[in-house]
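Everything on this sheet refers to the single structure shown next.
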Amino acid sequence: MGEQLRAQPAAPAGPPPAASCSLLGGLLQNGFHPASQPLSNGGCGEAPHPLLLRPELPPLGHGSPAKKCRLRRRMDSGRRHRPPFPWFGMDIGGTLVKLVYFEPKDITAEEEQEEVENLKSIRKYLTSNTAYGKTGIRDVHLELKNLTMCGRKGNLHFIRFPSCAMHRFIQMGSEKNFSSLHTTLCATGGGAYKFEEDFRTIADLQLHKLDELDCLIQGLLYVDSVGFNGQPECYYFENPTDPEQCQKKPYCLDNPYPMLLVNIGSGVSILAVYSKDNYKRVTGSSFGHMMSKEKRDSISKEDLARATLVTITNNIGSIARMCALNENIDKVVFVGNFLRINMISMKVLAYAMDYWSKGQLKALFLEHEGYFGAVGALLELLKMTDDQ
């Protein structure tokens with residue numbers, strides 16, 4: 001994902017002393033928060049504005065320029081109860097990394113002028129491209145427009161790349177001096193533990209690791225609540241047992257509880273969800289990484305045969321139906337990147353659920369199938385400030 005960014009000159013870690021005045025002044029607004037009070041030049045001969053000072057923070061005269069920048073941003077963002085930009089959430093899975101990015105669209109001319117260069121270049125790069133290097137993809141068709149998040153209006157972008165490219169992504173963060181904008185990234189998924197040390201040593205970033213199932217549920221509920229640009233997020237297939245009459249139909253998920261949530265990625269997790277804070281993992285499986293050509297080429301034929309056997313044997317639709325019966329649940333929602341651009345599998349699941357339940361159960365699907373964990377991580381970021 002980082003090939004194109006690597007071709008660009010990396011942003012400097014901090015300005016030379018002569019440039020620090022304008023940059024520190026600009027950082028007061030770097031979170032894109034409209035100025036409600038006049039601001040001083042922040043260390044260029046005048047005292048900082050008193051509303052920006054907090055007694056628990058050390059004076060700005062200590063530390064490197066990058067630390068001064070972060071300190072200014074922490075004071076400003078903490079006062080307004082929201083983190084500084086950029087806003088990201090990550091779900092680092094076994095096969096794919098899912099990244100959501102909030103692009104502010106209500107930036108004033110003053111904010112645009114005062115925005116620091118590495119933040120501006122990150123926003124421009126992410127929103128001006130649909131592909132990043134050879135493997136990174138922005139799913140333009142999934143973009144959520146005109147959202148209001150944490151008091152700011154903007155668009156939510158959905159980006160994915162293979163987990164095997166994570167080291168290039170981390171290196172990109174180092175080269176773009178991301179740590180001068182944030183000290184912490186919110187991430188979920190098994191990769192948040194696997195790559196934690198690399199983020200710290202290479203990019204000088206801490207990972208705030210979040211529970212995978214919490215993020216999945218909170219992200220799903222949020223996206224369903226805002227809708228898909230005026231259309232419903234949830235849908236089903238009408239007449240799934242008739243190939244000629246089968247068609248996609250919207251479904252209202254306003255009253256989702258209880259529901260069985262089947263997350264199909266590199267593995268499968270089946271959750272019984274009774275409320276946004278009350279759920280349990282009913283069952284699941286591990287499916288390895290057999291969708292990755294690199295993984296397939298590196299294993300024996302015996303291993304591949306075993307993985308294929310497990311995949312066939314573990315009939316997802318049948319297991320989901322039985323779980324729904326056991327839990328007395330009549331709504332079954334399927335999500336996960338296994339379903340991305342996979343109409344055949346969705347229709348097979350819809351057919352199986354309808355056939356084996358004699359029409360009593362519907363298989364429900366969601367447009368942003370694999371991104372809910374990343375959205376949940378972003379929502380957690382918006383509850384935080386850099387002071388935390």
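Values quoted throughout were computed directly from the atomic coordinates according to the rules given, and no laboratory measurement underlies them. Please read all numbers here as calculations on a predicted model, not as lab measurements. Cβ coordinates were reconstructed from backbone atoms using ideal geometry, including for glycine residues, and neighbour counts include every protein chain displayed.
Neighbours of Asp354 by Cβ distance under 12 Å: Lys/Arg scored +1, Asp/Glu scored -1, total +2. Extending 7 Å from Cα along the Cβ direction at Glu110 and again at Asn146 yields two label points whose distance is 2.7 nm. Here the spin labels are modelled as points 7 Å beyond Cα on the Cα-Cβ line, and at Asn155 and Ile137 they lie 1.9 nm apart. Work out the FRET efficiency for His208 and His81 from their Cβ-Cβ distance, taking R0 = 22 Å, and round it to the nearest 0.05. The pair His208/His81 has a calculated efficiency of 0.80. Annotation for Ser225 and Ile341: the two label points, set 7 Å from Cα along the Cα-Cβ direction, are 3.2 nm apart. Between Thr127 and Trp356, the contour length at 0.36 nm per residue exceeds the alpha carbon distance by 78.0 nm.
Given their separation in residues at 0.36 nm each and the Cα-Cα distance between them, Glu197 and Tyr274 gain 24.1 nm when the chain is fully extended.
When peptides 176-186, 224-234 are sorted by average Cβ neighbour count within 10 Å, with the highest value leading, the order is 176-186, 224-234. Once you have a ≥ b ≥ c as the square roots of the Cα gyration tensor eigenvalues for the stretch 183-244, tell me rounded if a/c is under 1.5, and otherwise prolate or oblate according to whether a/b is larger than b/c. It comes out prolate by the Cα gyration axes. This model, with +1 at the C-beta of Lys and Arg and -1 at the C-beta of Asp and Glu, gives the stretch 138-204 a dipole about its Cα centre of some 320 debye.
The residues neighbouring Ala192, those whose beta-carbon lies less than 15 Å from its own, together hold a net charge of -4 under the Lys/Arg +1, Asp/Glu -1 convention.
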